[in-house]
Amino acid sequence: MRQLNKKLRKEIQRFNLEELIEKIMYNSFSKDSKNRREPFENWFDKKEKLIPNLICECNGQYGETKIDWRRHGNSSPFRNFRDFLSERDDFRNVKDCEIFDSRINTLGTYRRMQSPGEITLYIDNIQVFFWSIICEMICHKKYIFTREKIEELAKLCILKTLYHELFHHFIDVQSRFMKDFHLDNYIDEALAVACSRHMVGFEAQGNQAFVSDFLELAYSYKLPGYCDWIEYKSDEQFLLKLSEYITILKPLSILGQEVTPITESMLYSIFENPNIDFRIQT
Ligand SMILES: [Zn+2]
């Protein structure tokens, strides 16, 4: 698999990635009175290094954020990234297959195409998810983060959810081609996580330890379906399973045609031309 071309980046610009990074890193929301938030100030020293004592509390080997999120305007009821990767009882509407990832402890959702499809990112949850991973890395692995590294990881954290939801859009498009397509939520989620991990891997600059340690935590899913992504960890496993799942290429496969390159092209062509509305929600 390859990195996406500039066209998708243009689509992502509709989402305004830089602004989202600022929201997560600095809590910089609009200044009107309704959405006013106290920004994170002085979290970096003069050498542009993150000051861990301001943010993290290390209990034993694991870390937690010691931030009073509500005082900072964040309304997420969650406090740790594991809350988003593990099962909870309070599903919003798990049977509603018009909306993917519609759990309360979600980072994003995808609503199937009614005219366009709709991707929503839950920015307060993503902010808690992000900073709690950073604290875990500081406490557990003694990382020292610069502003630049934090920015890079915040970007990957947003793209993680964006690509996951884009994959649901791809499956939504496929389901319009095939009358007898059987949507399997478990396979869908496993492949969405795998797809996101592959795409985020391309976006990461170089192969640095702080990135791979961050991603290892960010993708440590325990949720049914989602956690099966590790079966599709390699490009080959992912594309083979995806080719089998979407079935549209089955007649060609029977004739001896290698279908994974076609599947890959189809995936990218949808990613580069998504029929999507993007929304941000706190
Ligand atoms: Zn999903």
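Answer with yes or no whether Leu156 is within 16 Å of the ligand (Cβ to nearest atom) and in contact (Cβ under 8 Å) with a residue 24 or more places away in the chain.
no
The conditions are (1) surrounded by 14 or more Cβ atoms within 10 Å (Cβ to Cβ); (2) out of contact with any Phe, Trp or Tyr (no Cβ under 9 Å at 6 or more places or on another chain), and Asn207 fails exactly one of them. Which is it?
(1)
Identify all residues within the stretch 192-229 that are assigned to a helix (DSSP H, G or I), within 16 Å of the ligand (Cβ to nearest atom) and not charged (D, E, K, R); write none if there are none.
Ala192, Val193, Ala194, Cys195, Ser196, His198, Met199, Val200, Ala218, Tyr226, Cys227, Trp229
Which condition number in (1) of a type outside the set (Lys, Arg); (2) under 26 Å from Arg2 (Cα atoms); (3) modelled with pLDDT under 90 is the one that Cys97 fails?
Looking at each condition in turn, Cys97 falls short on (2).
Run Lys179 past the list (1) over 17 Å from the mean Cα position of the chain (by Cα); (2) in contact (Cβ under 8 Å) with a residue 60 or more places away in the chain and report the number of the one that doesn't hold.
It fails just one condition, (2).
Under 8 Å between Cβ atoms, at least 6 apart or on separate chains: pull out the pairs that start in the stretch 214-243 with a residue that is on the phi > 0 side of the Ramachandran plot and end on any residue that is not hydrophobic (A, V, I, L, M, F, W, C).
Gly225/Asn185; Gly225/Tyr186; Gly225/Asp188; Gly225/Glu189
Within the stretch 102-116, take every residue that is away from the ligand (no atom under 13 Å from the Cβ) and not hydroxyl-bearing (Ser, Thr, Tyr) and give me the one that is surrounded by the fewest Cβ atoms within 10 Å (Cβ to Cβ). Please lay out each step first, then the result.
In the first step, residues of the stretch 102-116 are kept if they are away from the ligand (no atom under 13 Å from the Cβ); the result is 104, 113-116.
Checking which are not hydroxyl-bearing (Ser, Thr, Tyr) leaves us with 104, 113-114, 116.
Working: Ile104: 14, Met113: 17, Gln114: 8, Pro116: 13.
Checked the stretch 102-116; the qualifying residue surrounded by the fewest Cβ atoms within 10 Å (Cβ to Cβ) is Gln114.
Within the stretch 93-114, take every residue that is in contact (Cβ under 8 Å) with a residue 12 or more places away in the chain and out of contact with any strand residue (DSSP E or B) (no Cβ under 8 Å at 6 or more places or on another chain) and give me the one that is farthest from Asp277 (Cα to Cα).
So the residue we want is Asn105.
Hey, could you check the stretch 170-191 for residues that are acidic (Asp, Glu) and not in a loop (DSSP other than H, G, I, E, B) and say which is nearest to the ligand (Cβ to nearest atom)?
Glu189
Identify the residue in the stretch 160-219 that is of a type in the set (A, V, I, L, M, F, W, C) and modelled with pLDDT under 90 and, among all such residues, is nearest to Met113 (Cα to Cα).
Phe177
Within the stretch 65-94, restricting attention to residues that are among the aromatic types (Phe, Trp, Tyr) and within 15 Å of the ligand (Cβ to nearest atom), which residue is modelled with the highest pLDDT?
Phe84
Could you grab me the full set of residues in the stretch 108-138 that are within 16 Å of Glu216 (Cα to Cα) and either more than 13 Å from the chain's Cα centre (by Cα) or at pLDDT below 95 (or both)?
Passing the criteria: Trp131, Ser132, Ile133, Ile134, Cys135, Glu136, Met137, Ile138.
The values are calculated or read from the model by the stated rules, or taken from the named source; none is laboratory data. Note that the coordinates shown come from a computational prediction; the quantities given were computed from them, not determined experimentally. A quick note on method: Cβ atoms are made from the backbone with ideal geometry, for glycine too, and the neighbour counts reach across all protein chains shown.
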